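Take a look at the structure set out below.
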Amino acid sequence: MSLIRVTSARQLAIVVCVLGTIGCDHLTKHAATITLAGFPTRSYLADTIRLGYAENAGGFLSMGASLPLVPRSAVFTVIPALLLIAITAVAIRRRWGGTLALGAALFVAGAASNWIDRLARGTVVDFLNVGIGPVRTGIFNVADVAIMVGALMFVYEEFRPSATSEGPPTLE
């Protein structure tokens, strides 16, 4: 009985993580749209952080933004939907737990949030840029952070040396 409660608690935590990430992303994108759209970029902490409104019709660093509408729609809506379903199915089937499950949840939540925007708006709102001097990131959003953190957690967990060679941890 306690195993069922632990498993249910872990599953609930993953669902809360996914919904919280999507909610936070959409809230910050809404705030950026209201406060930054049509205004000059704002700079903070000696220009380490810049806030400026941008709509991205492409993917990472606007790659693919210049594609014609039909191929761009396929590349940024159909293919990601299939990949999100596949990642979720693999995580459930293999009963990922711990860092793998959290990494997958963050990755899926961030990607799903941007995917929802593409379906609803045709673009994704980006508003954050960080850097020092000429070394800067591209413009990104909270969903992009979730995707990167989730991917890094997943890669770390998959490739870190472990005490056993049984494979990834499970929910059991």
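Nothing in this text is a laboratory measurement; each read-out follows from the coordinates by a stated rule. It should be emphasised that the depicted structure is a prediction, and the values quoted were computed from it without experimental measurement. Here the Cβ is made from the backbone with ideal geometry for all residues, glycine too, and neighbour counts use every protein chain on show.
Phi-derived couplings, Karplus 6.51 cos²θ - 1.76 cosθ + 1.60 at θ = phi - 60°, listed residue by residue for the stretch 125-138: 7, 10, 8, 10, 8, 10, x, 10, x, x, 8, 9, 7, x Hz, with x used for Gly and Pro.
On alpha-carbon atoms, Rg over Rh for the stretch 96-142 using Kirkwood Rh? Working shown, then result.
Numbers: Rg = 14.1 Å, Rh = 12.6 Å.
Ratio of gyration radius to Kirkwood radius: 1.13.
Packing here is the average count of other Cβ atoms within 10 Å per residue, and on that basis the peptides 101-113, 127-139, 36-48, highest first, run 101-113, 127-139, 36-48.
What percentage of all Cα-Cα pairs in the chain are separated by more than 24 Å? Display every interim value, and only then the final one.
Details: 6624 of 14706 pairs.
Of all Cα-Cα pairs in the chain, 45 percent lie more than 24 Å apart.
Amide H contacts of Ala57: Val124, each under 5 Å away and 5 or more positions distant or on a separate chain (H built 1.01 Å from N in the peptide plane; Pro and chain starts excluded). The length gained on full extension between Ile34 and Thr123, counted as 0.36 nm times the residue separation minus their Cα-Cα distance, comes to 30.4 nm.
Rounded to the nearest 500, the 222 nm mean residue ellipticity of the chain from helices alone is -19500 deg cm²/dmol, with -39,500 (n - 2.57) taken per DSSP H run of at least 4 residues.
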